[in-house]
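Report on the structure given below.
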Amino acid sequence: MKLTDLNIQVRQRSAWEAIDLGFAFVQQHWKALILPYALLMLMLALPIWLLLPEAYLPIAGLVVWWFKPLFDRLLLYILSRQLFNETTSLAEAFSALPQLIRQTGLLSGLTYRRFSLSRSYVLPIWQLEGLRGKPLKERKELMYLQGHSNAIWLTLGCIHLEFIVVLSLYALILMLDPTGAAWEHIKSLFRGDLDIDTQYWRMLMDFVFYLLAVLVLEPFYVAAGFMLYINRRTQLEAWDIEIAFRNLGGRLNQLAKTSSSVLSSLLITLVIGSLYLSTNTPVYAQYYESQHEFLAEERLTPEQAAAKIQEVMALDELNKRIKVKTWVAKNQQESKQSNDRISDEFIQLFASIFKGLLWVAVIVAVILAIIYRQKILAYLSPLRKQTNIITTPEVLFGLDIRPESLPDDIAGTAHQLWQAGKTREALSLLYRGALVILTHEEGLAIQASHTEGDILKLAKPTTVAERYTYLRTLTKLWQTIAYAHRSPSFQEIEPLFTGWNQFQTPRLDANAVEVRT
Amino acid sequence: MNAILPTPSLSLDQASRLAEQIHTEIAKALIGQQTVIRETLIALLAGGHVLIEGVPGLGKTLLVRALAKTITGQFARIQFTPDLMPADISGHVLFDMHNQRFDVRKGPVFTNLLLADEINRAPAKTQSALLEVMQEQQVTIEGTAYPVPLPFMTLATQNPLEQEGTYPLPEAQLDRFLLKIYIDYPNLEEEIAMVNAVTKQQVGDRFQLEQLKAIVTPEAISAMQQVTAQIAVDHAVVDYAARITQATRKGQGLRFGAGPRGSIALVRAARAHALLEGRDFVHPDDIKQVALPVLRHRVSLAPEMELEGYNTDHVLSSVLETTEAPRQ
C-alpha cells in the first residue's frame, strides 16, 4: 500500500480535526462497515441472550460491552482497507477474523487492557504495526506524547454519547407509547422494583437499545481513534511532505514525457475547440431558458378565479365546527395535591439517579485506585516504615552482640584479658556488652550504617546520665584503640572495669532509685 | 616567596587551639552560622577550596572578609561578570615603553585568600582560568610559571536564584572544590543578635571588621595544614570513605556519582575535622560529618528526583544510611 493511494487528504491537523475526520470517514464508508459489523454483533449478542439464565439477563449488555475490543478489530480492519480504496467484502472480513483474534493482542485487550481509555488510539499499533514487547512500549511512548489526552476525551465523549442514544431511544418509545408502560419501566430501572410479568420483555428492550447504541457509535469511535493515529504518524513521519514530493515528481515526469508532443497536442486542441464552439449553444442561452415562467395551459379570468375561490371556501371541510368534552377537576385543592404527588415522584427519581451516579463514582474510584496503586503505595510507604517493628541486630561492627555470646562476668573477663596484654579484646568485650545492653534493654534501633558517634547520639536522649557518661568514655577508648591503635593507660581503663556493674544495672532500677530519692 | 619561608612547627594542641580561636573570631562577625564557619575552617586546614552557595544577604562575603581579617595575609576579591577575561584574573604582560621591556602585571590571584564572588556569572573560559590556578597553585603568563603565595585558598560564591544569564560550573570543574557549603537563613535569636551587632553605634549597615583581631600568620596556617596532613587515618576509615564514594555511583536517584577524587577529599576533610576536635586520628564519624559538603557537588541528581523535589543532600543521606560503618 502506497501513501499516494490514501483517499483522505493528508495534512497536519489538530487532534480534534483528526477526530472529526474519523467521523466524516465513517459517514462516507458506512456501507462497507455496517454489514460485517452488525452480523458479528448479532452472532455474539444472540447466543448471549439465549444462553444466559434469566436471572443473569440484565448483565447481557455488560457482556456485549466487554467484547467491544473484538468489534473494534473488525472495524479497524475494514477501515484500514477503505483508507487505501480497498473495499472489503463480507467473506473477506470474516475470513480475516481468526487472524484478528489471534494476532492483535485481543486477550490482553479483553482483560487487563479492557479499561484503557485510549483503546482506539493504541489499537492500530497492535493490529496494523504488529509490534510487541519493547518496540511496542517505545512506540506507545512516542505516540502518547501527543494525541493521548484527546483519545481519552474521545472515549469519555463516546461513553456519554452511548447513554444519550439509549435515552433518546427510550424517549422515542415514550412519545409513541400511549399506555405509559415505558415510563413506568424507566422509573422502575432506578427504583429497582421491576415488574415480574413484563420483566423479560423490558430487559430485552434494554438490551436491544444498548446494542443499537453500540452499533451506531462504535464505528465512529474506532474511526476517530484511527484518524488520530494516522494524524500522529503524519506528524512524526511527514507523510504530507512525502506525498507532496511524490506528486511533484510525478507531475515533472509527466511534463518531461509530454514536452515532445506539445505542438501536435496544441494543434489538435485548437481544431476541436473551434468545432465545439461552432456546434454548441452558448451557455447563457441555456440559463435564460431555464428561468422562463411556467404557465398552465388553462388560464382563468380574474372573475372566474374569484368565483372558484368562493366555491372552495364554501366546502364543509373549511367550515366544520367540532365540540370537545373533557373532564375538569371540580376541587382545585385535590388537583394541587395530585401535582405534589408527582413532584414527590420526581424527587424520588432524581434521588435514585444520583444514587446510581454515586455508585458509578465509587466504581471509578476503585478502578483508579487499582490503576494508580503504585503511587498510592508509595505515599503510604513512610507510614509503613514507621510501623515496622525494630529488630534487634545480632552483629554490629563485626562484633557478635547476642546476649548468649557474652560471658557471665563481662568486667572480670575483660580485666583478665587486659592483664594478659589483650587490651583490644578487653575493650571489644566491654563495648560489645554495652551494645547488647543498649539494643536489648534500651531498645535502641541500631543499624549497620551507624558509627560509634551515631550510637552515642541515639543513646543520649534515652539513657540515664551515669550510663551515658560510662558509654561515652568507653566509646572514646574503643575508638582510640580501633582507629589510632593506641592502648589506653591503666588509669583510663580501670574506671571501666569498676563501673561496669553500675552500667549494666537495669535502667528501671535506676529510675526507681531516682523516684525513691 | 612565602612558600620558601621557614614555617613554624606546631603541635596538634596548638594547631587545634589556633583553629578554635579563628572560629571564635569569625563567629563574632558571622553570627549564627557555626556550621558554615566550621566547614570553611575544614577546607582551610585541608588546603582546599570552597564553593559557598546561598541567597544574597546571608554573609558570604562577610565570612571571607572575616577569615581574611583573622589571618595577617593578603586578601583579594574578584567580582565575576560576563565580560571578565582570564587575564583579568591571572595577570598579563605589558610592554614598558620607557624602559623598553616587558613587565608582568600579576593579577588578583596572587594572594592568600581569594574571594571569587558570583563565580557563575563569568563565562567558562574565565572560570577555567581560575580553576587552573586552584589546581596547579601557579599561573603561567607568557610561558613563565609564577607560583601563587601559600597558603592559597579560593572561596567562590554563587547564588542559587537568578539563574538567567549565568554559566553553571561544569561537573569536572566543581570537582576542584574540596567542599560545597550551603549557607542558610539564621534563626530568630541569631538574627536579633546580628541586627544588634551591626546597628550598635555605627553608621551604615556593614559589620565593623576592625573589631576582629588577627590570630595567625600565613606561615602558621601552613604549619596547621602540615599538622592536619599528619593526622593518622586507619585503613578501615579509608575503606569506609571509599565505600561511600562507590555507593554514590551505584545509588538510585543519582545520574552519576563521585569520582576517586571524592574519596581523597573525604579523607582530607575528615583529617581537618579531627584536628578541629583536637584528635590525632580520624574515626568514621569524621568521615560522616564531612560527607555531605564534600560530595554534594561531585554527584548529579537524576532528573526524576529533581522533579519530585529531592536534592543531592537527601540522596546522599540515604547513601550514608545504607553504607555499613567500618568493622573493627
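The values are calculated or read from the model by the stated rules, or taken from the named source; none is laboratory data. What you are looking at is a predicted structure, and each value in this text was computed from that prediction instead of being measured. Here Cβ is always computed from backbone atoms with ideal geometry, including for glycine, and neighbour counts include all displayed protein chains.
Some observations on this one:
- Checked against (1) within 13 Å of chain A (Cβ to nearest Cβ); (2) in a loop (DSSP other than H, G, I, E, B), B:HIS273 passes all but a single condition, namely (2).
- The criterion of being surrounded by fewer than 19 Cβ atoms within 10 Å (Cβ to Cβ), away from chain A (no Cβ under 14 Å) and modelled with pLDDT under 90 does not hold for B:ARG296.
- Answer from A:ARG486, A:ARG432 - the residue that is in the same structural domain as A:THR505 (by TED's automatic domain parsing) and closer than 15 Å to B:HIS283 by Cβ: A:ARG486
- Selection of first residues in the stretch A:494-505 that are in contact (Cβ under 8 Å) with a residue 40 or more places away in the chain and of second residues that are among the acidic types (Asp, Glu) and outside any helix (DSSP H, G or I), restricted to Cβ pairs under 9 Å at least 6 apart or on distinct chains, gives the following pairs, ordered by first then second residue: A:GLN504/A:GLU441.
- Selection count where residues are at pLDDT below 80 and closer than 25 Å to B:HIS49 by Cβ, scope the stretch B:175-211: 2
- Per the listing B:ALA258, B:ALA302, the residue uniquely of a type outside the set (Ser, Thr, Tyr) and crowded, with 24+ Cβ neighbours inside 10 Å is B:ALA258.
- Hits in the stretch B:285-322 (condition: touching an Asp or Glu at 6+ places or on another chain (Cβ under 6 Å) and polar (S, T, N, Q)): none
- Flag if B:LEU18 is in contact (Cβ under 8 Å) with a residue 24 or more places away in the chain, under 17 Å from the mean Cα position of the chain (by Cα) and surrounded by 17 or more Cβ atoms within 10 Å (Cβ to Cβ): no
- Hey, B:ILE215 crowded, with 20+ Cβ neighbours inside 10 Å, away from chain A (no Cβ under 14 Å) and in contact with a Pro (Cβ under 7 Å, 6 or more places away or on another chain) or not: no
- Failed item in (1) part of a helix (DSSP H, G or I); (2) loosely packed, with under 15 Cβ neighbours inside 10 Å, with A:ARG114 passing the rest: (1)
- Tally, over the stretch B:277-293, of residues that are part of a helix (DSSP H, G or I), within 15 Å of B:ILE42 (Cβ to Cβ) and within 13 Å of chain A (Cβ to nearest Cβ): 7
- Condition met for B:VAL227 (in a helix (DSSP H, G or I), in contact with a His (Cβ under 8 Å, 6 or more places away or on another chain), under 20 Å from B:ARG279 (Cβ atoms) and at pLDDT 85 or above): no
- Consider the stretch B:305-321 and keep the residues that are polar (S, T, N, Q) and surrounded by 14 or more Cβ atoms within 10 Å (Cβ to Cβ). The one that is farthest from the other protein chains (Cβ to nearest Cβ) is B:THR312.
- For the condition farther than 23 Å from B:THR35 by Cβ, modelled with pLDDT of 85 or more and within 12 Å of chain A (Cβ to nearest Cβ), B:ALA247 qualifies.
- Verdict on A:LYS476 being among the charged types (D, E, K, R), at the interface with another protein chain (Cβ under 10 Å from one of its Cβ atoms), under 23 Å from B:LEU320 (Cα atoms) and loosely packed, with under 13 Cβ neighbours inside 10 Å: no
- Residue that is farthest from A:THR480 (Cα to Cα) [pool: residues in the stretch B:285-327 that are in contact with a Gly (Cβ under 6 Å, 6 or more places away or on another chain) and of a type in the set (Lys, Arg)]: B:ARG298
- Look at (1) surrounded by fewer than 18 Cβ atoms within 10 Å (Cβ to Cβ); (2) more than 17 Å from the chain's Cα centre (by Cα) and you find that B:PRO86 fails only one, number (1).
- Pairs, first closer than 14 Å to A:ILE370 by Cα and outside the structural domain of A:PRO69 (by TED's automatic domain parsing) in the stretch A:103-116, second assigned to a helix (DSSP H, G or I) and not aliphatic (A, V, I, L, M), C-beta under 6 Å, six or more apart: none
- A count restricted to the stretch A:152-191 and to residues that are among the β-branched types (Val, Ile, Thr) and at pLDDT below 90 stands at 3.
- Among the conditions (1) surrounded by fewer than 20 Cβ atoms within 10 Å (Cβ to Cβ); (2) not in a loop (DSSP other than H, G, I, E, B), A:GLY61 misses just one, which is (1).
- Residue within the stretch A:208-217 that is out of contact with any Phe, Trp or Tyr (no Cβ under 9 Å at 6 or more places or on another chain), assigned to a loop (DSSP other than H, G, I, E, B) and assigned by TED's automatic domain parsing to the domain that holds A:TYR77 present: no
- Close Cβ contacts (under 8 Å, 6 or more residues apart or on different chains) running from residues in the stretch A:75-97 that are not assigned by TED's automatic domain parsing to the domain that holds A:PHE23 to residues that are surrounded by 13 or more Cβ atoms within 10 Å (Cβ to Cβ) and outside any helix (DSSP H, G or I) are absent.
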